[in-house]
Amino acid sequence: MWNMNDITHLEYKSQYVYHIVFDDGTERDIDFSPYLKRGKVFQPLATPAFFQQARIEGGTIAWPNGVDIAPETLYEQCKHVSAERELSDKT
């Protein structure tokens with residue numbers, strides 16, 4: 001279950017990647033390029049200059065055209081990768 005964690009830090013890294021940090025310290029680089037194929041509302045993000053205009057709004061990442069990604073979706077991506085790393089470290 002999601003604990004209502006908010007993004008507190010957002011840093012553009014490269015192409016379609018942002019480093020995001022949540023209020024509990026969970027963090028990860030997220031590649032947003034898969035979202036570019038999810039319909040017309042995401043098409044402006046394909047322009048690098050527009051993609052780089054992301055900001056934190058309502059505890060999640062958002063762009064000037066109103067596009068945002070649910071924070072629980074991003075948090076789960078971060079936690080999933082963290083769990084995979086823990087498993088690989090143990091083997």
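Only the coordinates and a few stated rules stand behind these numbers; no lab work does. From a predicted model like this one, the values you see are computed outputs, not experimental measurements. Because the Cβ atoms are built from the backbone with ideal geometry, glycine has one as well, and the counts that use them run over all protein chains shown.
Here are some notes:
- Relative exposure of Phe42, Phe22, judged by other C-beta atoms within 10 Å (fewest first): Phe42, Phe22
- Note on His19 and Arg55: the extension gain reaches 11.8 nm, defined as 0.36 nm multiplied by sequence separation minus the Cα-Cα distance.
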